[in-house]
Amino acid sequence: MQQPRRSTPSVCLFILKFGDGGVERMMVNIARGLAMIGVRVDFIIKDENAPFLHLLPPEVRLITFPVSRQKAALPKLIDYLRRNDPDILLSAKTKDDQIALQAKRRHAGRTRFFLRPGSALLSSMEARGAGVLRRWLKTRRLTQLFTQADGVVAVSQGVADEVVQLSGISMDKIDIIRNPTITPELYEQADAPTTDPWLGLDLPPLILGIGGLGRAKDFPTLMRAFSLVRQEQDCRLMILGQGHKQASLANLAKALKLGDDFRLPGFVDNPYVYLKWAKLFVLSSRWEGSPNVLTEALALGTPSVSTDCPSGPFEITRGGEVAPLVPVGDPERLAEAMLQTLRQPPDPDLLKAAVSEYTLEKSARRYLAAFGLTLPPGAGE
């Protein structure tokens with residue numbers, strides 16, 4: 001039996017496969033923001049021992065579906081919907097989207113189903129070199145999902161444009177909402193004490209790259225650009241992250257003779273203290289959705305340079321106004337922008353102002369509006 005209609009809006013976030021990436025972190029932050037303004041939030045995952053979940057406030061109800069295969073979650077989700085009938089269910093990964101929309105076809109309640117694509121879908125397929133058949137199959141599957149959903153939330157205009165191009169759905173069905181990237185703990189962690197010998201006042205400028213060591217982030221281009229910058233100015237490069245390209249990046253560092261001016265320390269618990277100390281942050285990606293780390297760097301007032309990749313950097317940097325944009329995969333142009341920014345760093349206040357929309361509360365209120373929900377009088381104050 002369905003629950004009676006409530007005056008307080010209710011939202012369920014559904015993300016079974018939970019890793020340590022940006023999608024997972026942003027879903028947790030969406031839940032935090034919605035709970036902060038007075039929305040009832042359920043958060044459905046496979047395993048409660050997952051990253052970032054400790055950040056959820058007690059008001060968020062954590063529900064686990066301990067299944068061995070994702071498909072086995074479908075009857076559990078149908079039962080959850082029957083018992084709770086939330087206003088909205090939001091999913092953010094393709095396999096979760098498929099399960100959610102299968103449940104939609106079997107649910108007779110009021111719940112409306114929204115999808116949240118977090119990357120430039122077509123650009124990533126092209127950059128990965130997907131074959132014609134594979135691209136056709138993936139495009140067909142994604143088109144079916146977007147056309148069946150009640151609404152779509154894109155993290156940038158670029159992502160929204162690609163969803164329209166991919167699926168043919170109307171832009172009216174898509175809301176563009178900035179990621180809830182800027183959190184109170186961002187500033188707390190950035191100000192944390194550190195004993196890392198690379199973080200000090202009387203050292204050559206630190207240039208920082210952050211992200212998974214895979215193809216998307218294109219760290220080889222950053223390293224080649226750094227080798228050119230290093231010929232003109234004394235500086236150091238550190239890349240934080242882990243991934244399958246770690247060995248090849250280490251070999252490239254040897255080939256470029258970067259020596260002691262280069263570090264690849266792997267994953268670190270607190271990258272923000274490094275961002276705060278860095279004289280320059282560089283995003284060298286081939287593709288993105290809305291790069292959180294670029295937003296975080298600007299929020300901390302750290303001078304930045306980015307590739308003009310699809311999608312997100314153009315919007316975050318206000319078209320290159322607060323941080324130079326360079327072509328993807330061009331180490332010479334990247335090196336020029338890095339040198340220029342090191343020599344003439346921008347006003348930190350301008351950088352911080354550029355990303356003022358990327359907070360928990362502002363993002364949550366935009367989600368509420370996109371869902372067509374309103375809070376009772378006095379809620380969320």
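Values in this text are rule-based calculations from the coordinates and carry no lab data. Predicted model only: the values in this text are computed from it and were never measured. Here the Cβ is made from the backbone with ideal geometry for all residues, glycine too, and neighbour counts use every protein chain on show.
Once amide H atoms are placed 1.01 Å from N in the peptide plane, what residues at a sequence separation of 5 or more from residue 112, or on another chain, have their amide H within under 5 Å of its amide H?
Excluding prolines and chain starts, which carry no amide H, the hits are 88, 89.
If you take the charge dipole of the stretch 51-91 about its Cα centre, with +1 on Lys and Arg Cβ and -1 on Asp and Glu Cβ, which of 58, 75, 90 is farthest toward its positive end?
Of the options given, the answer is 75.
Can you pull out the GluC sites (Glu not before Pro) in the stretch 292-356 that DSSP calls coil and that have at most 15 other Cβ atoms within 10 Å?
In loop regions of the stretch 292-356 (DSSP not H, G, I, E or B), the sparsely surrounded GluC sites (Glu not before Pro) are 321.
Helix 157-167 versus the longest principal axis of the chain: what is the Cα-based angle in degrees, 0 to 90, to the nearest 10?
With both axes taken from Cα atoms, the answer is about 50 degrees.
Calculate the dipole size of the stretch 304-381 relative to its Cα centre from +1 charges on Lys and Arg beta carbons and -1 charges on Asp and Glu beta carbons; express the result in debye to the nearest 20.
200
Determine, at each q value in 0.09, 0.17, 0.19 (inverse angstroms), the log₁₀ of I(q)/I(0) that the Debye formula gives when each Cα of the stretch 184-354 is one equal point scatterer.
-0.26, -1.02, -1.33
Amide H of residue 50 versus every other amide H placed in the peptide plane: which residues, excluding those fewer than 5 positions away on the same chain, fall under 5 Å?
none
Specify, per residue and in Å³, the volume enclosed by the convex hull of the alpha carbon atoms belonging to the chain.
Roughly 147 Å³ of hull volume per residue.
How would you rank 97, 196, 330, 234, going from fewest to most other Cβ atoms within 10 Å of each one's own Cβ?
234, 196, 330, 97
Please tell me which of these pairs span more than 28 angstrom C-alpha to C-alpha: 104/245; 245/352; 17/254; 95/245; 173/362; 93/254?
Exceeds cut-off: 104/245; 245/352; 17/254; 93/254.
Subtracting the Cα-Cα distance from 0.36 nm times the residue separation, let me have the gained length for residue 95 to residue 171 in nm, one decimal.
Between residue 95 and residue 171, full extension yields an extra 25.0 nm.
Looking at the stretch 256-340, which trypsin sites (Lys or Arg not before Pro) are DSSP coil and have at most 11 other C-beta atoms within 10 Å of their C-beta?
Loop-located and lightly packed - 257.
Quick check on the exposure proxy: order 288, 24 from fewest to most C-beta atoms within 10 angstrom.
Fewest to most other Cβ atoms nearby, the residues stand as 24, 288.
Rounding to the nearest 10 and keeping the result within 0 to 90°, find how far the Cα-based axis of helix 331-343 lies from the longest principal axis of the chain.
80
Report the extension gain between residue 347 and residue 321 in nm, rounded to one decimal, defined as 0.36 nm multiplied by the number of residues separating them, less their alpha carbon distance.
8.2 nm
Taking the Cα atoms only, what angle lies between the long axis of helix 360-370 and the longest principal axis of the chain, rounded to 10 degrees?
Orientation of helix 360-370: about 40 degrees from the principal axis.
Run the quick spin-label model on residue 7 and residue 201: label points 7 Å from Cα toward the beta carbon, then report their separation in nm to one decimal.
5.7
When the chain is fully extended, how far beyond the present Cα-Cα distance does residue 70 get from residue 231, taking 0.36 nm per residue of separation?
The span from residue 70 to residue 231 would gain 52.8 nm if fully extended.
Could you size up the charge dipole of the stretch 184-354 around its Cα centre, putting +1 on the beta carbon of Lys and Arg and -1 on that of Asp and Glu, and report it in debye to the nearest 20?
Dipole size: approximately 620 debye.
Picking from 227, 267, 334, whose Cα lies most toward the positive end of the charge dipole for the stretch 184-354 (charges on Cβ: Lys, Arg +1; Asp, Glu -1)?
So the residue furthest toward the plus end is 227.
Where nothing but the Cβ of Lys and Arg (+1) and of Asp and Glu (-1) is charged, how large is the charge dipole of the chain around its Cα centre, in debye to the nearest 20?
1940
Let's test the formula: R0 of 41 Å, r as the Cβ-Cβ distance of residue 257 and residue 189. What FRET efficiency results, to the nearest 0.05?
0.75
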